[in-house]
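> My questions will all concern the structure given below.
Derivation of every value follows stated rules applied to the coordinates shown; laboratory data play no part. Just so we're clear, the structure is a prediction, and the values are computed from it rather than from any experiment.
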């Protein structure tokens, strides 16, 4: 049975208001309700809330709710958000674009975003980039991503390795260049670990990093033999 239009309007209005509730569980249920009953009037509020929502689980539900709406409505608003001054707005918009997967958004994934000073924004940009990149731009993207090798703590480095590996063999030349003895050790470690994960996806990142450190410490010969 189709729900009467007035009832749908009432539910949507109530859920959108609940997105401002002080309880994260209430906000989570509200985002679920909005996604369960998609309504074009919800899109602005969902995008707006993504920029300020403090709870990770609620943000994920907001993203899911946005994917339930037409890309023709959501993508233009998200593209506006990736240019926001707020780091969370940029990060969450990029994350949502990666989930929507509309390749028309690719031109918005700029070098500036891929090298953003905020780690969360950069990580979201890396994930979005490998989903949206056209095949003929993969090598160029790999080159930009390689400039971030050695960046941040383990979680950030693992995110970058996963993004690079998602591009496939096109990353091999940039990884080889980053393994050069001219590169700083942190960059070399990360490049070697990423190549190992490319060859052996079941190898853990920590193990790959420790192996990379051993390779660098022992010199070029050990790398050639490993």
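> For helix 205-218, what angle does its Cα long axis make with the longest principal axis of the chain, in degrees from 0 to 90 and rounded to 10?
Once rounded, one gets 20 degrees.
> Helix 24-36: angle to the longest alpha-carbon principal axis of the chain, degrees 0 to 90, nearest 10?
80 degrees
> Please work out whether segment 140-191 counts as rounded, prolate or oblate from its C-alpha gyration tensor, where a ≥ b ≥ c are the square roots of the eigenvalues and a/c under 1.5 means rounded, while otherwise a/b larger than b/c means prolate and anything else oblate?
oblate
> Further question on the same structure: Given the DSSP H assignment, sum -39500 (n - 2.57) over each helix run of at least 4 residues in the chain and divide by its residue total; what's the result at 222 nm in deg cm²/dmol, nearest 500?
About -20500 deg cm²/dmol.
> Next up: Using only the alpha-carbon atoms, how far is helix 87-100 inclined from the longest principal axis of the chain? Give it as 0 to 90 degrees, nearest 10.
Relative to the chain, helix 87-100 is tipped by roughly 90 degrees.
> Volume per residue, Å³, of the convex hull around the alpha-carbon atoms of segment 25-132?
83 Å³
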